[in-house]
Amino acid sequence: MKLDARDRAILAELQSDARLSHVALAERVPLSASQIGRRLRELEEAGIVSGYHAEIDDQAIGFPVVALVRITLEGQQEDYMRAFEEEVTRLPNVLVCFLMAGDYDYLLRVAARDLDDYERLHREHLSRLPHVARIHSNFALRKVVNRALPLGLVTD
């Protein structure tokens, strides 16, 4: 799907506040509420809008420790990767998992209540994932940048 300026404006408004109604969006983007609804359906069907989420502060709900975990598998055979990916999706503390190109195979963002909690997650879950050869953990000290996709960079 090719995005025009109005689509990008709709997406920018939703990134700012995903709870906006079609009427409120129509007040900000020069389209009718029905046109907004049609465009949103098209954006959803195209997979450009994949969901609507609330941004929740990890610390405020008791998960102040953010670990960035680099995992290297024993090999990159398809069955090793499939087994690892199936299991890692079952761990609720793993917030994000990327398949990587480069020095390691996967990068995870893991939430923990404290360092003891992370140690438990590492011992009981991460180290037991299938075909894991090495785990390297780094801990975030504070969030410096956390922004939405810069839609001004998307062109027609």
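The values are calculated or read from the model by the stated rules, or taken from the named source; none is laboratory data. What you are looking at is a predicted structure, and each value in this text was computed from that prediction instead of being measured. Cβ coordinates were reconstructed from backbone atoms using ideal geometry, including for glycine residues, and neighbour counts include every protein chain displayed. Side chains included, ligands, DNA and RNA excluded: accessible areas come from the protein's heavy atoms. Shrake-Rupley method; radii C 1.70, N 1.55, O 1.52, S 1.80 Å.
Give the residue, chosen from 67, 54, 18, 24, that is modelled with pLDDT of 95 or more, of a type in the set (Gly, Ala, Ser) and outside any helix (DSSP H, G or I).
Checking each option against the conditions leaves just 67.
If I ask for residues that are closer than 30 Å to residue 10 by Cα, of a type outside the set (Gly, Ala, Ser) and either modelled with pLDDT of 90 or more or outside any loop (DSSP other than H, G, I, E, B) (or both), which ones from the stretch 124-156 would you list?
143, 144, 145, 151, 153
Return a yes/no flag: does the stretch 69-81 have any residue that is closer than 26 Å to residue 14 by Cα, open to solvent by 50 Å² or more (accessible area, probe 1.4 Å) and touching a strand residue (DSSP E or B) at 6+ places or on another chain (Cβ under 7 Å).
So far as the stretch 69-81 goes, no, none of its residues is closer than 26 Å to residue 14 by Cα, open to solvent by 50 Å² or more (accessible area, probe 1.4 Å) and touching a strand residue (DSSP E or B) at 6+ places or on another chain (Cβ under 7 Å).
Output the residues belonging to the stretch 74-120 that are closer than 30 Å to residue 60 by Cβ and either modelled with pLDDT under 95 or of a type in the set (Ser, Thr, Tyr) (or both).
89, 106, 118
Go through the stretch 96-134 and give me each residue that's of a type in the set (A, V, I, L, M, F, W, C) and surrounded by fewer than 14 Cβ atoms within 10 Å (Cβ to Cβ).
Once the filter is applied, which keeps residues that are of a type in the set (A, V, I, L, M, F, W, C) and surrounded by fewer than 14 Cβ atoms within 10 Å (Cβ to Cβ), the stretch 96-134 yields 96, 98, 99, 100, 101, 115, 133.
Consider residue 38 against the criteria (1) within 26 Å of residue 150 (Cβ to Cβ); (2) open to solvent by 40 Å² or more (accessible area, probe 1.4 Å); (3) assigned to a loop (DSSP other than H, G, I, E, B): it satisfies all of them except one. Which criterion is unmet?
(3)
So if I check each of 43, 11, which one is open to solvent by less than 50 Å² (accessible area, probe 1.4 Å), part of a helix (DSSP H, G or I), over 30 Å from residue 139 (Cβ atoms) and in contact (Cβ under 8 Å) with a residue 60 or more places away in the chain?
One residue alone meets the criteria, 11.
So residue 92 clears everything in (1) free of Cβ contacts under 8 Å to residues at least 40 places away in the same chain; (2) surrounded by 15 or more Cβ atoms within 10 Å (Cβ to Cβ) except one condition, right? Which one?
Answer for residue 92: the failing condition is (2).
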